[in-house]
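> Sharing a structure with you now.
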Amino acid sequence: MSPVLGRGRSAPLVARLGSAGYLRKWFVLGALIGIVAGAGAVVFFTALQWATHLLLGVAAGYAPPSPFGEGNATGSAHFVRPWAIPLVVGLGGLLSGLIVFTLAPEAEGHGTDAAISAVHHNPRGVRARVSAVKIAASAIMIGAGGSGGREGPTAQISAGFGSMLARWLDLSPTDARIAVSVGVGSGIGSIFRTPLGGAVLGAEILYRDDIEAEALLPSLVASLVGFTIFGAVEGFSPIFGYLRGYHFRHPLELVYYGAIGLVAGLIGRLYSFSFHGAIKLTRRLPGARAVKPAVAGLMVGLLGLALPGVLGTGYGWVQRAMGASLLGLPLWVVLALPFAKILATSLSIGSGGSGGIFGPGMVIGAFVGAAAWRLLQHLPAVPHDPAPFVIVGMIACFGSIAHAPLAVLLMVVEMTGSLELLAPGMVAVALAVLVVGDRTIYTSQLRDRAESMVHRFRFGLPLLATIRVADALRSAPLVLSDDVSGGAAVARLVAARLSGAPVVDQRGRFRGAVDADVLRGRAPDVPTRAATDPLVPTVGAGAMLDEAVAALTQNERSWVAVLDEGRRVAGVVTMADVVRAYRAALESSLRRLGHVFGGAAAIAGRIDATSPLAGTAIGGAGLPLGAVVVTVQRGEHLIIPDDDTLLEPGDAVSVLAPRIHEAEVRAMLARPEGDTAFGASGGDDDGPGMV
């Protein structure tokens, strides 16, 4: 069944979800995403186990140790065929690279950053094939011994499903962003058996200094469902077992945990620097992109011969570091492991291999804590076993460099089944965050919601949320049928002076958008449907204008299609339409304000060259006492002015002034346009596609 037909038959469901309240809607959508997150985690976990058994076990004769929740196997005591280790890791890198760069190049590297980017820029644009490619490529690379985490693939699976839901159900841009962020958190929470931490992670990991509060409740639903499904198949035991016998008793311990936090912050900065440096270096080096992970794999395999802890996920080695086995390792090995894991992960994933960087980040932090315990074990108040130091190191290192301290703190507590380390972990991660500063391992993170285009408009122009899209839309100048030939479509676009237009099927239902440049690159007799982009953002006619602005910020085109409940094109909205509708609503609000206060007047006009306001800053314009310039429209740009805003000829200005000064203000405007219109520019001739 085609996506369009599927959406058509699901129209009643879409309508019910659209009209449902926040709680009811996200209980349903969150549960759907959670089902896919849990099932996807099971599929990937199984694929990774088989790949590890066949590649490292059968081919290389080496079995890595496993953590408590996954069998607690001790692993091989030595390499049976040491010469095979570099070859197998290199082969895994080669196969992973070929799969990724042949089928879905966007699946390169770690999937979490790609999912974060999708949330901010195009939540409807994650292709379904990326998830399948990510599963295969990551299972092969990590199973062969490449250093990577399994959370990246699972995050991308459920985030991809959230994106697909946004397309199938025509979710609003805001809901689409939530769906993808919920997918990220529930996927990671499922594979790590950390439903609470995963839920918080989905909302926290999007920003360096903020949190997406709207995603918290949906993430809780999705993470719980995903955790239940994964646990029903793989078990509910915490990955690293239950920390028993430790009790926080002596305040001096906080000094040690604080020191671990400071060191973990520095190691986190090194991890970020090394990883991103490897990406830049790999891109500059000559050679096919698919081959570079193979070369990096050979190097990781050679490193693994000296330090086996760098191979694969490394979770089994973390389990060993928590117990008495740590004393059996030479001190130089314990001290070298954090740096070796950083190098191995930078090579494996930074070269273009497929896998996550979340898990390795926690393994690196665990090795930092293990090294600290070996160095400090004989000092007063140091715990008798290394587990507390290892756990706190995990929290501090990756919680700080990922700018997700709360989520990682909760996840590690869930992984170890202990609340005793909450206070030590809080101290360590707080100091680590101070050391890390603004550096981050995820380049797609924004600083805060104010840096997000969607939230910026909502914060700066709250009136947008009160205006319906139906009050701003215009008729679409051109709508193309998907069976029209590309040559004919180009001719119609040129005749209409458009660079693109909406495309509909034979039933009149929206299929996507097409651009003239794309059509020109294809044979003229190929139907338009072959060049149609089905991932473009849309907005419903019943939505509010802030949703249209969100869709416009996520769209490469200067227009967005407005759809009715039957997915038929009701019109289009451009930024000029948004400005015009906003000014009209603002004028209405000003008039109501004037009526409330009685003695105030809302005045609108356009400044020309003869106006005394032309070329002057508002603060020095000499407006009467009590007169306030509320908005200035310059072309298609709506400006919220301050005293330093320079007024120019052609600006459309709205002023709220005492009624006794109304005539004086009108005279200063020179070309008053009355109380009923703001004279917005950008008429109906700048239709869709005029870029």
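The values are calculated or read from the model by the stated rules, or taken from the named source; none is laboratory data. What you see is a predicted model; the values in this text were computed from it and never measured. Cβ placement follows ideal geometry from the backbone for every residue including glycine, while neighbour counts extend to all protein chains displayed. Only protein heavy atoms, including side chains, enter the accessible area calculation; ligands, DNA and RNA are left aside. Shrake-Rupley method; radii C 1.70, N 1.55, O 1.52, S 1.80 Å.
> Based on this model, can you work out whether residue 458 counts as closer than 30 Å to residue 208 by Cα, among the basic types (Lys, Arg), out of contact with any helix residue (DSSP H, G or I) (no Cβ under 6 Å at 6 or more places or on another chain) and at pLDDT below 85?
When the stated conditions are applied, residue 458 does not pass them.
> Looking at the range 414-428, can you tell me whether even one residue there is under 28 Å from residue 123 (Cα atoms) and either touching a residue at least 24 places away in the same chain (Cβ under 8 Å) or out of contact with any strand residue (DSSP E or B) (no Cβ under 8 Å at 6 or more places or on another chain) (or both)?
no
> Sticking with this structure for a sec: So which of 179, 132, 114 ends up being modelled with pLDDT under 90, under 15 Å from the mean Cα position of the chain (by Cα) and either in a helix (DSSP H, G or I) or of a type in the set (Asp, Glu) (or both)?
114
> Could you tell me which of the residues 205, 140, 135, 157 is over 20 Å from residue 32 (Cβ atoms), among the β-branched types (Val, Ile, Thr) and open to solvent by 10 Å² or more (accessible area, probe 1.4 Å)?
None of the others qualify; the one that does is 140.
> Somewhere in the range 499-511, is a residue of a type outside the set (Phe, Trp, Tyr), in a strand (DSSP E or B), open to solvent by less than 30 Å² (accessible area, probe 1.4 Å) and farther than 30 Å from residue 585 by Cβ?
yes
> Here's a check for you: in the range 44-60, which residue that is over 29 Å from the mean Cα position of the chain (by Cα) and of a type in the set (A, V, I, L, M, F, W, C) is nearest to residue 191 (Cα to Cα)?
50
> Do the conditions hold for residue 611, that is, is it assigned to a loop (DSSP other than H, G, I, E, B), polar (S, T, N, Q), modelled with pLDDT of 80 or more and over 30 Å from residue 536 (Cβ atoms)?
yes
> Give the range 380-408 a look and list any residue that's among the aliphatic types (A, V, I, L, M), open to solvent by 10 Å² or more (accessible area, probe 1.4 Å) and within 21 Å of residue 192 (Cβ to Cβ), or say none.
406
> Given (1) more than 30 Å from residue 384 (Cα to Cα); (2) part of a helix (DSSP H, G or I), identify the lone condition not met by residue 319.
Every condition holds for residue 319 apart from (1).
> Does residue 302 satisfy being assigned to a helix (DSSP H, G or I) and within 20 Å of residue 82 (Cα to Cα)?
Considered against the rule, which asks whether it is assigned to a helix (DSSP H, G or I) and within 20 Å of residue 82 (Cα to Cα), residue 302 comes out as yes.
> Evaluate the following for residue 220: is it under 24 Å from residue 453 (Cα atoms) and in a helix (DSSP H, G or I)?
When the stated conditions are applied, residue 220 does not pass them.
> Moving on to the next point. When the range 66-105 is examined, which residues are found to be open to solvent by 10 Å² or more (accessible area, probe 1.4 Å), assigned to a loop (DSSP other than H, G, I, E, B) and either of a type in the set (S, T, N, Q) or touching a residue at least 12 places away in the same chain (Cβ under 8 Å) (or both)?
Selection gives 66, 72, 73, 74, 75, 76, 79, 80, 81, 82.
> A follow-up question, please. Would you confirm, using the coordinates I've provided, whether residue 421 is buried (at least 18 other Cβ atoms within 10 Å of the Cβ), closer than 20 Å to residue 359 by Cβ and modelled with pLDDT under 90?
yes
> For the range 288-299, which positions are outside any helix (DSSP H, G or I) and open to solvent by 20 Å² or more (accessible area, probe 1.4 Å)?
Listed by number, the residues that qualify are 288, 289, 291.
> Restricting to the range 138-154, and then to whatever is part of a helix (DSSP H, G or I) and small (Gly, Ala, Ser), can you tell me which residue is modelled with the lowest pLDDT?
It comes out as 152.
> So residue 336 passes all but one of these: (1) open to solvent by 10 Å² or more (accessible area, probe 1.4 Å); (2) aliphatic (A, V, I, L, M); (3) in contact with a helix residue (DSSP H, G or I) (Cβ under 8 Å, 6 or more places away or on another chain). Which condition number does it fail?
Answer for residue 336: the failing condition is (3).
> Given 38, 34, 21, which one is open to solvent by 40 Å² or more (accessible area, probe 1.4 Å), small (Gly, Ala, Ser) and farther than 26 Å from residue 294 by Cα?
21
> Which one of these is more than 37 Å from the chain's Cα centre (by Cα), at pLDDT 80 or above and assigned to a loop (DSSP other than H, G, I, E, B): 622, 626?
622
> Could I ask something else about it? Which pairs do you get when a residue that is at positive phi, found in the range 506-518, comes within reach of a residue that is at pLDDT below 90 and among the hydroxyl-bearing types (Ser, Thr, Tyr), reach meaning Cβ atoms under 6 angstrom, with the pair 6+ apart or on two chains?
Sorted first by the residue in the range 506-518, then by its partner, the pairs are 512/532.
> Another one. Looking only at the range 275-287, decide whether some residue is at negative phi, part of a loop (DSSP other than H, G, I, E, B), open to solvent by 70 Å² or more (accessible area, probe 1.4 Å) and in contact (Cβ under 8 Å) with a residue 40 or more places away in the chain.
No: the range 275-287 contains no residue that is at negative phi, part of a loop (DSSP other than H, G, I, E, B), open to solvent by 70 Å² or more (accessible area, probe 1.4 Å) and in contact (Cβ under 8 Å) with a residue 40 or more places away in the chain.
> What do you reckon, is residue 644 outside any helix (DSSP H, G or I) and under 24 Å from residue 463 (Cβ atoms)?
yes
> Identify all residues within the range 440-459 that are over 12 Å from residue 207 (Cα atoms), touching a residue at least 24 places away in the same chain (Cβ under 8 Å) and open to solvent by 40 Å² or more (accessible area, probe 1.4 Å); write none if there are none.
Hits for the range 440-459 are 453, 457, 458.
> Across the range 461-482, what is the total count of residues that are at pLDDT 75 or above and outside any helix (DSSP H, G or I)?
So the answer is 13.
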